[in-house]
Ligand code: ACO
């Protein structure tokens, strides 16, 4: 990097996960599976499901605004919004454009990135390039997914894996010495049909036929994807580490794509690194695709797993096949994270709908019952008869 090029720093981070939980016990009632199978083969115990009023844009906006608050910036300090997703609100406009309006930004250029579960890492790399080239000062990078509306709840090989959520970071130009960063991105189209969503694009536009054949839901060859994942997470992560000028021993924390804890364990074993060098939250969120790495990063920072000076590696793989890794030194104050979270309440964010919008119910039939039940942690008071509580029986 020449001395004229601005340094790139991660200054803000934020996350959002919908309140409703879809547990393995819930899935046991839908498909022929068991909590024991899901936990032993994937490490997943539960995942989140977006409510009917939520969308990829609304979740991305909450996480994004939290990241801006964490960075201590005003919304109009952001000059580009890049949103990674494979579940956009619409084919067009971009989901990033909807986020811009929802957070009240008036200045940013907005676009989406499509690289499936590697999408956030690709978007991060794109943001770094814009800042490094002097074309932007503050870029909001969001990974947001609403996968539960694209799952086939009769396919036990896929519906148990995925969940909804969003995570975001702000990258900023800095005059201070740069934090070392190494970036590696790869794409192997041999894997193009290993994880795919067949219909809805120009090759198979939506029709009664595509609907009746179930071609609007995610399909996956699990075993081939697993093999690719274990191989590529290690090689892509190490390539980024080498580009940062570090060795494997320098790494303080790896934030891997949260697809399956067995994949993460296999990578740890292959690299001869202890599991405590890897941040894991797949047990609580499942695979949230492009949201997975930033959601895990924000959780790691807010839970005290990252401190200034730490060398961290974010690494992902996904449909395409794609993979990507960012090796960077953490320079921000981790205590800022909870400040950003507290500053943005989900109910304060709304995504504008068109005036003539005649909405269909977006809730998958298989999840209707789950989404209708009271939220965890909220008491249903509708059947409580008002009155004085009885005194506890006193014994002397
Ligand atoms: N419950 C119970 N049994 C199941 C389930 C289930 N949910 N799913 C599959 N099985 C059965 C299979 O039918 C098979 O039965 P059989 O032996 O009678 O034929 C048996 O379990 C073993 O199935 P496998 O597919 O071999 O199971 P495996 O151990 O490979 O685990 C899994 C499957 C979890 C999908 C694993 O292959 C995996 O994690 N792959 C990677 C997936 C991934 O990471 N995808 C995300 C990509 S990122 C993106 O861009 C979206």
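Every number here is computed from the coordinates shown, using simple stated rules; none is lab data. Bear in mind the structure is a predicted one, so any value in this text is a computation, not a measurement. Backbone-built Cβ (ideal geometry, glycine too); neighbour counts: all protein chains shown.
Hey, can you tell me all the residues within the range 24-34 that are within 24 Å of the chain's Cα centre (by Cα) and surrounded by 16 or more Cβ atoms within 10 Å (Cβ to Cβ)?
Correct list: 24, 26, 27.
Could you check the range 10-105 for strands (runs of 3 or more DSSP E) lying wholly inside it with 1 or more residues that are in contact with a strand residue (DSSP E or B) (Cβ under 7 Å, 6 or more places away or on another chain), under 30 Å from residue 129 (Cα atoms) and touching a residue at least 12 places away in the same chain (Cβ under 8 Å)?
The qualifying strands (runs of 3 or more DSSP E) are 80-84.
Filter the range 202-234 down to residues that are without any contact (Cβ under 8 Å) to a residue 24 or more places away in the chain and either in contact with a helix residue (DSSP H, G or I) (Cβ under 7 Å, 6 or more places away or on another chain) or closer than 19 Å to residue 185 by Cα (or both), then give me how many there are.
Counting residues in the range 202-234 that are without any contact (Cβ under 8 Å) to a residue 24 or more places away in the chain and either in contact with a helix residue (DSSP H, G or I) (Cβ under 7 Å, 6 or more places away or on another chain) or closer than 19 Å to residue 185 by Cα (or both) gives 3.
If you check 313, 282, which single one turns out to be closer than 19 Å to residue 239 by Cα and either crowded, with 24+ Cβ neighbours inside 10 Å or free of Cβ contacts under 8 Å to residues at least 60 places away in the same chain (or both)? Working first, answer last.
Numbers: 282 fails: closer than 19 Å to residue 239 by Cα.
The conditions single out 313.
Out of the range 244-259, which residues are within 25 Å of the chain's Cα centre (by Cα) and either more than 16 Å from the ligand (Cβ to nearest atom) or at positive phi (or both)?
244, 251, 252, 253, 254, listed by residue number.
Output yes when any residue across the range 121-138 is under 25 Å from residue 364 (Cβ atoms) and within 16 Å of the ligand (Cβ to nearest atom), and no when none is.
Looking for residues that are under 25 Å from residue 364 (Cβ atoms) and within 16 Å of the ligand (Cβ to nearest atom), one finds none in the range 121-138, hence no.
Go through (1) away from the ligand (no atom under 12 Å from the Cβ); (2) over 20 Å from the mean Cα position of the chain (by Cα); (3) buried (at least 16 other Cβ atoms within 10 Å of the Cβ); (4) over 25 Å from residue 15 (Cβ atoms) for residue 153 and report which single condition fails.
All conditions pass for residue 153, except number (1).
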